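Notes for the one structure printed next.
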Amino acid sequence: MSSYKSPLLVLVVNCGSSSVKYSLLPVGGGAPIASGAAECLGLPEARLSIKLNGVKIVEDLKGGAHEAALSAIFAHLQTEGFLRYIAAVGHRVVQGGERFSESVVVTPEVLADLEKLTPLAPLLHPANMLGIRLCMKSFPMAPQVVVFDTAFHQTLPPAAYTYAIPRALQREHGLRRYGFHGTSHRYVSGKAARMLGLDPDNHGLVIAHLGNGSSATAVLNGRSIDTTMGLTPLEGLVMGTRSGDIDFGAAAYIARVAGLDMAGVDDMLNKKSGLLGISELSSDCRTLENAADEGHEGALLALDVFVHRLARCIGGLATSLPRFDALVFTGGIGENSGRIRAATLRRLEVFGFTLDDEANREMVGGRGGRIDADFGPAALVVPTDEESVIARDAAALAHLSDLDVFAAQRRAAV
Ligand code: ADP
């Protein structure tokens, strides 16, 4: 057993439909002390991978699901001596509906309101809820804080969030655009504004969060005013396996010609489309870039469609802003793919964007900074850090002050 003696910690938990990711961060900020992911839950290959002091440990979960994964994670935290320093738990929750416009501490009332949101995210929400309940059981003394993917977008005006369908559906079923990746858009937009020295009360940004799931958001003075994802994370940009925007008439046609029911079409658009569907090779951008270099026709087309849709959406989002100070790239693709960034900026020349080729090449592997040639709107890369936002919200809402941290350090030193 290691004897951990240090500041208080926040455990950040992200319980997905077949995975549980976690990281352990110091209350006062700083890099994660431990992190890991349990994947393929409920399948024979279920496993937990843990990163600790630069060493990777893989544990067979023997087909276990979420409960087995969290038990194994807690057992590791106990062995390493971290458990008693956990002062708050922060949960990533996908859907906060119209009820939650910011992070909250879990109370019986909040739990009851959260339960009501399940119909809006039937796959992910039950897993999110299970994670909260299991952590409440294991850490009864630590406040549980929920941070929503949708919360940052609750400032969208009605014109941006209303679908042009009968309004009774919104009144009766909450059917409207919610937007996702809010924690990332919030962090990245704040950081970009500070990096560029922009007036907090007078600036406009478009954030392109490009990963396996991708979305772009128009942010005016720190508030989200338009975004590409909708009721679900299927709308908008082309993604790893998701189609993004598609004519619903085309979806109905697919159902008829392919003999699929609604669930079958939904599955195809979420899991078999996007970069994977077009390239017939992979959902992974890096793999496609390598294949494109070898002349793979499907990979070339998939990347072209990705950039076309991205540029078109960024142009559309810009029309929601009174001024366009900067385009910010983040997420695995946004942070690492100079090729996608360069192609996107070329497509956005109408806005006056320029590219500094050398800076663009250098911006990989967690480096952030400007990639424009210093005239026109700025273009920059800002690595996202959703875990630190969740940890910060959890610490703030749990009222963990510097004094608590100091007292814990003193206790540990004795
Ligand atoms: P998630 O949405 O699952 O969090 P990430 O943000 O980790 O996904 O992004 C994963 C994507 O980033 C993959 O498509 C991967 O190929 C891409 N990516 C990572 N590194 C590079 C790179 N050097 N060049 C191009 N694409 C990259």
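Read-outs: derived from the displayed coordinates by stated rules, not from any lab. All of these numbers come straight from a predicted model, not from anything done at the bench. When we count neighbours, we look across all protein chains shown, and the Cβ atoms used for this are built from the backbone with ideal geometry, even at glycine.
Answer yes or no: is there a residue in the range 145-167 that is closer than 30 Å to Leu8 by Cβ and among the aromatic types (Phe, Trp, Tyr).
Checking the range 145-167: at least one residue is closer than 30 Å to Leu8 by Cβ and among the aromatic types (Phe, Trp, Tyr).
Please tell me if Leu175 is on the phi < 0 side of the Ramachandran plot, assigned to a helix (DSSP H, G or I) and of a type in the set (A, V, I, L, M, F, W, C).
Numbers: on the phi < 0 side of the Ramachandran plot: yes; assigned to a helix (DSSP H, G or I): no; of a type in the set (A, V, I, L, M, F, W, C): yes.
Judged against the criteria, Leu175 is not a match.
Name the pairs whose Cβ atoms lie under 8 Å apart, with the first residue in the range 103-121 and without any contact (Cβ under 8 Å) to a residue 40 or more places away in the chain, the second among the aromatic types (Phe, Trp, Tyr) and part of a loop (DSSP other than H, G, I, E, B), and 6 or more positions between them or separate chains?
Final answer for the pair search is Asp113/Phe100.
I'd like the full set of residues that are polar (S, T, N, Q) and without any contact (Cβ under 8 Å) to a residue 40 or more places away in the chain, limited to the range 306-345.
Thr319
Select from the range 308-330 the residues that are in contact with a Ser or Thr (Cβ under 7 Å, 6 or more places away or on another chain) and under 22 Å from Asp293 (Cβ atoms) and write down the one among them that is farthest from the ligand (Cβ to nearest atom).
Top of the filtered list is Ala311.
Hey, can you tell me all the residues within the range 67-106 that are more than 24 Å from the chain's Cα centre (by Cα) and basic (Lys, Arg)?
Arg84 - this is the single residue of the range 67-106 that is more than 24 Å from the chain's Cα centre (by Cα) and basic (Lys, Arg).
So is Ala160 surrounded by fewer than 23 Cβ atoms within 10 Å (Cβ to Cβ) and in contact with a Pro (Cβ under 8 Å, 6 or more places away or on another chain) or not?
Taking the combined requirement at face value, the residue does not satisfy it.
Only one of (1) in a loop (DSSP other than H, G, I, E, B); (2) within 16 Å of the ligand (Cβ to nearest atom); (3) under 19 Å from Ala378 (Cβ atoms) fails for His185. Which number is that?
The failed condition is (1).
Does Ile225 satisfy being away from the ligand (no atom under 12 Å from the Cβ), under 30 Å from Gly96 (Cβ atoms) and assigned to a strand (DSSP E or B)?
In short, yes.
Could you check, for the range 354-371, whether at least one of its residues is closer than 15 Å to Val307 by Cβ, in contact (Cβ under 8 Å) with a residue 12 or more places away in the chain, more than 23 Å from the chain's Cα centre (by Cα) and away from the ligand (no atom under 16 Å from the Cβ)?
Yes.
Quick one: how many residues across the range 199-222 are surrounded by fewer than 20 Cβ atoms within 10 Å (Cβ to Cβ) and more than 16 Å from the ligand (Cβ to nearest atom)?
The total comes to 7.
Within the range 349-402, restricting attention to residues that are among the polar types (S, T, N, Q) and farther than 30 Å from Val145 by Cα, which residue is surrounded by the fewest Cβ atoms within 10 Å (Cβ to Cβ)?
Thr354
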